[in-house]
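Notes follow once the structure below has been shown.
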Amino acid sequence: MKKFILSVVLALTSALYALPSFAAGDSIPWDKAPNRLNDLGALQNGAKLFVNYCLNCHAASYMRFNRLTDIGLTEQQIKDNLLFTTDKVGETMKVAMDPKQAKDWFGGNPPDLTVIARSRSGSGGTGADYLYTYLRTYYRDDSKATGWNNLAFPNVGMPHVLWELQGQRKPIYEEIESHGHAVQVLKGWEQITPGTLSPNDYDSAVADLVNYLQWMSDPTQSTRIRLGVWVMFYLLIFFVIAWRLNAAYWKDIR
Amino acid sequence: MAEFKDISPNAPAADKALNWIDNRFPLSKMFKEHMSEYYAPKNFNFLYFFGALSLLVLVIQILTGIFLVMHYKPDASQAFASVEYIMRDVPWGWLIRYMHSTGASAFFVVVYMHMFRGLIYGSYRKPRELVWLFGCAIFLALMGEAFMGYLLPWGQMSYWGAQVIVNLFSAIPFIGPDLALLIRGDYVVGDATLNRFFSFHVIAVPLVLLGLVVAHIIALHEVGSNNPDGVEIKANKDASGKPLDGIPFHPYYSVHDLMGVIGFLLVFCAIIFFAPEFGGYFLEYNNFIPADPLKTPLHIAPVWYFTPYYSMLRAITSEMMYALIVCVLAAAYLGATRAKISSFFKAVVVGGAVLLVVVMLAIDAKFWGVVVMGGAVVILFFLPWLDNCAVKSIRYRPDWHVYLYAIFVINFFVLGYLGIQPPSSIGERVSQLGTLFYFGFFLLMPWWSRMGDTKPVPDRVNFTAH
């Protein structure tokens, strides 16, 4: 019986998730990104990955380098390790690439990444979930100009920048029968060449990077939540006072 | 003019100061008229918080708006960046911005609740028609204010939302294209549009809003507040002329509203601090992408508070026009056969209906969609003269009236939901039915509100001591 229920649940979930996504020929369901917004070490590692891998082509033109002090870095550390395009720590994260050339190379200008994590949220999950899925589903596709394709963003213009870390992969599909149609479902991945990181370490590195992007999209979010708890606490006390004050005044209204 | 009053030289300094002012400005008089001797019914319930809360949100919007304007740049090439500058580099800018963006949605929540309260307790009925009319004008101004304010962050939704709505005006025959051009100041939404919307959003409409709010309150204080029983408290006065069921607004309702204000702030601040995007409803995700005139988003939806009306706009397809034509002809038939009017007027009714049908067939459905969307708001103005029920409050109306109001509210939510969703064939049918119901509710009200047995209305209000 248990097996039967399990198989029904599995069939239903695969019908709900896998089918519409592949039948429609667009992206796959998003994986849940780990939340490391309060882990300064992870955010710092994410910042390092961001500056080294993303900032070459993408700008974050509303984000100032010295804002990284919020995630525990000192201005000296930022100057020594993270400043490549400028020498002023109060400068925003601009990109040196010529937009005209970018258009020639990638077919479009790489978007600014400052608030990318906010803009990509949707019914499928948060922007972080999307980015976490996107950066982990690149695969080799020789039919594309860059040689890369992506499951979360089919026919993406960006090549797999982190490929040295992940290695080269290819998705393995399984054909299943559903509603009388043969449908392809993602079964797993075939590692063509190994990366410098193990699959687990790669996922963790991407999680750090994604958490950094999430933090950068709204750098006050953790402060905001911490402060919000105190605001709630204050208002609750005030509410009790207002409630009793009201009762004291209204007791003689019959 | 009031008599000049002298005060004893030994009086306390505060009394002397007040006397000095009162001899020159009616401060004490106004305080008495509007606060300490303004008698409000004692049986107000939860729904009566929302008037005061609307005023609170208006103040929040104006104050936060003042600070936002200090840092915002109404320039197509800088607007998006300046909002991010406010969010990141201006000290506490994020809080001010989230207060303003959450405040916009909160404004509509409290105003919708306030209007719902007026609707079910008959607060628009004689002698409060003008209170209601000023209120409807406030709602209209608020919609304009919100629509123009939404363009200012210059994100994708700002841009394309404005593009879609302004383009609607071009569907108006003859003057449409020029009118749309006049609104935009350009052939597409652009820098000129941003500048004029900014001007309207920060100066013109707020001035109108404030004036209307003052008129709304003056009119209210002239006639006195209605209450959940719909009983006129001025009909029962004590020997000194004070309403028996009335209590001074201050201190009773000032402390009462203080409690409501804190309750509201609990919810408001929870959203600001824990979920300022509110799942994409208060701040749409797409609006974090800078406006790009060359890239139309797949799905353009207005913010939630406009979606019921947006749904009605989308419901008017060329197919739906035939349904509307049938409605017009049916109304004309009933008018010609059943109404007790002279045969001359009957001819006018039939002739008018035929003319209307011809015009309906001649002009594109898109225009009629605009008419329906606008009509859905304008029809509210006529409510005081549509309702013929013998009693004011829902409490004493026939039970089936209550169900009808319940369906009206559910229908409004359904229309709102459908307006958020991408178009679908089922959604289209449902929104068409919803639109017919919405207009049927109001246009047939003169007849249905008279039907059924009302319950006896008490002489005095129902009140149990707290």
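Neighbour counts of other C-beta atoms within 10 Å: give me B:MET70, B:MET445 arranged from fewest to most.
With the fewest neighbours first, B:MET70, B:MET445 line up as B:MET70, B:MET445.
Annotation for A:GLU175 and A:TRP243: the two label points, set 7 Å from Cα along the Cα-Cβ direction, are 6.6 nm apart. For the pair segment B:131-208 / segment A:187-201, the C-alpha centres are spaced 53 Å from each other. Spacing of the modelled spin labels on A:LEU236 and B:ALA11, each 7 Å from Cα toward Cβ, amounts to 4.8 nm. Neighbouring Cβ atoms from other chains, within 10 Å of the Cβ of residues in A:104-117, number 2 on average. Amide H contacts of A:GLY122 (H built 1.01 Å from N, in plane; Pro and chain starts excluded): A:GLY127 sit under 5 Å, all sequence-distant by 5 or more or on other chains. Shielding by partners for peptide B:241-251, expressed as the average number of C-beta atoms from other protein chains within 10 Å of each residue's C-beta, is 1. Dipole of segment A:40-190 computed with +1 at Lys/Arg Cβ and -1 at Asp/Glu Cβ about the Cα centre; of A:GLY147, A:TRP189, A:PRO159, farthest Cα towards the positive end is A:PRO159.
The mean number of Cβ atoms from other chains found within 10 Å of a Cβ in peptide A:58-66 is 2, as a whole number. Computed over the alpha carbons of the protein assembly as shown, Rg followed by Dmax gives 30.9, 100 Å.
Taking chain A as a Gaussian network of alpha-carbon nodes connected by springs under 10 Å, the highest mean-square fluctuation of the residues A:PHE239, A:PHE106, A:PHE84 belongs to A:PHE239.
Electrostatic tally near B:THR464: other residues with Cβ closer than 14 Å to its Cβ, Lys and Arg +1, Asp and Glu -1, net +2. Scanning residues 5 or more positions from B:GLY155 or on other chains, those with amide H under 5 Å from its amide H are B:ALA291, with H placed 1.01 Å from N in the peptide plane. Derived scalar couplings between HN and Hα for segment B:439-451 equal 6, x, 3, 7, 5, 8, 4, x, 8, 5, 5, 7, 7 Hz in order, rounded to whole Hz, by the Karplus curve 6.51 cos²θ - 1.76 cosθ + 1.60 (θ = phi - 60°), x for Gly and Pro.
State, as an integer percentage, the relative contact order of segment B:254-369 based on alpha-carbon contacts under 8 Å between residues 6 or more apart.
Working: 46 pairs, mean separation 27.8, N = 116.
Once normalised by length, the contact order is 24 percent.
Per-residue counts of other Cβ atoms within 10 Å, averaged by peptide: what ranking do you get for B:347-357, A:215-225, highest first?
Sorting B:347-357, A:215-225 by mean packing, highest first, produces A:215-225, B:347-357.
What does the C-alpha gyration tensor say about the overall shape of segment B:336-388? Classify as rounded when a/c is under 1.5, otherwise prolate if a/b is larger than b/c, or oblate. Oblate, because a/c is 1.5 or more while a/b does not exceed b/c. When only alpha carbons are used to place a centre, segment B:7-30 and segment A:79-116 end up 66 Å from one another.
Near A:ARG169, the amide H atoms lying under 5 Å from its own belong to A:ARG140, A:ILE192; only residues 5 or more places off or on other chains count, and H is placed 1.01 Å from N. A Gaussian network model of chain A, with springs between Cα atoms under 10 Å, assigns the largest mean-square fluctuation among A:LEU236, A:LEU83, A:LEU113 to A:LEU236. Taken over the C-alpha atoms, segment B:115-167 has Rg and Dmax values of 15.9, 46 angstrom.
Determine, from the Cβ-Cβ distance of B:SER424 and A:ASN200 and an R0 of 30 Å, the FRET efficiency 1/(1 + (r/R0)^6), rounded to the nearest 0.05. Provide the component values of the computation, followed by the final result.
Values: r = 42 Å, r/R0 = 1.40.
Working from the Cβ atoms, E equals 0.10.
Out of A:ALA96, A:ALA33, A:ALA182, any idea which swings most in a Gaussian network model of chain A, alpha carbons joined below 10 Å? Highest fluctuation among the options: A:ALA182. Mean sequence separation of contacting Cα pairs (under 8 Å, at least six apart), scaled by the length of segment B:1-109, corresponds to a relative contact order of 20 percent.
Partners of A:LYS48 within straight-line reach, counting aspartates and glutamates whose Cα lies under 14 Å from its Cα and excluding those fewer than 8 residues away in the same chain: A:ASP80, A:ASP208. Could you please state, rounded to a whole Å, how far the C-alpha centre of segment A:208-247 is from the C-alpha centre of segment B:383-418? Between the Cα centres of segment A:208-247 and segment B:383-418 lies a distance of 38 Å.
Taken one residue at a time, the phi angles of segment B:214-222 give Karplus couplings (6.51, -1.76, 1.60, θ = phi - 60°) of 4, 4, 4, 6, 4, 4, 4, 6, 6 Hz. Gly and Pro are set to x. Evaluated at q = 0.09 Å⁻¹, the base-10 log of the normalised Debye intensity for chain A, with identical point scatterers placed on the Cα atoms, takes the values -0.54.
Can you give the Kirkwood hydrodynamic radius for chain B, in Å, rounded to one decimal and based on Cα pairs?
Numbers: mean 1/r = 0.0398 Å⁻¹.
Final number for the Kirkwood radius of chain B is 25.1 Å.
Around the Cα centre of chain A, unit charges on the Cβ atoms of Lys, Arg, Asp and Glu (plus for the first two, minus for the last two) sum to a dipole of about 940 debye.
Peptide packing: for A:200-209, B:201-210, A:186-195, the average count of neighbouring Cβ atoms within 10 Å per residue gives the ranking A:200-209, B:201-210, A:186-195, highest mean first. Couplings 3J(HN,Hα) for segment A:87-100, derived from phi with the Karplus relation 6.51 cos²θ - 1.76 cosθ + 1.60 (θ = phi - 60°), are 10, 9, 6, x, 6, 7, 7, 8, 10, 8, 5, 6, x, 5 Hz, where x marks Gly and Pro.
Would you please classify the overall shape of segment B:1-75 from the alpha carbon gyration tensor, given that a ≥ b ≥ c denote the square roots of the eigenvalues, rounded means a/c under 1.5, and beyond that prolate means a/b larger than b/c while oblate covers the rest?
On the way: a/c = 3.44, a/b = 1.51, b/c = 2.28.
Here segment B:1-75 falls in the oblate category.
In terms of the mean number of neighbouring beta-carbon atoms within 10 Å, the peptides A:47-57, B:240-250 order highest first as A:47-57, B:240-250. Positive end of the dipole of chain A (Cβ unit charges, origin at the Cα centre): among A:GLN221, A:ILE241, A:GLN101, the Cα lying farthest that way belongs to A:ILE241.
Each of B:PHE264, A:PHE233 was scored by other Cβ atoms within 10 Å of its Cβ. Arranged with the fewest first, they read A:PHE233, B:PHE264.
Considered as an equivalent ellipsoid built on the Cα gyration tensor, segment A:119-254 has semi-axes of 51, 21, 12 Å, the largest given first.
A short reminder: the numbers here are calculations on the coordinates, not readings from a lab. Only a predicted model underlies this, so the values are computations on that prediction, with no experimental measurement involved. Don't worry about glycine lacking a Cβ; one is built from the backbone with ideal geometry, like all the others, and counts go over all protein chains shown.
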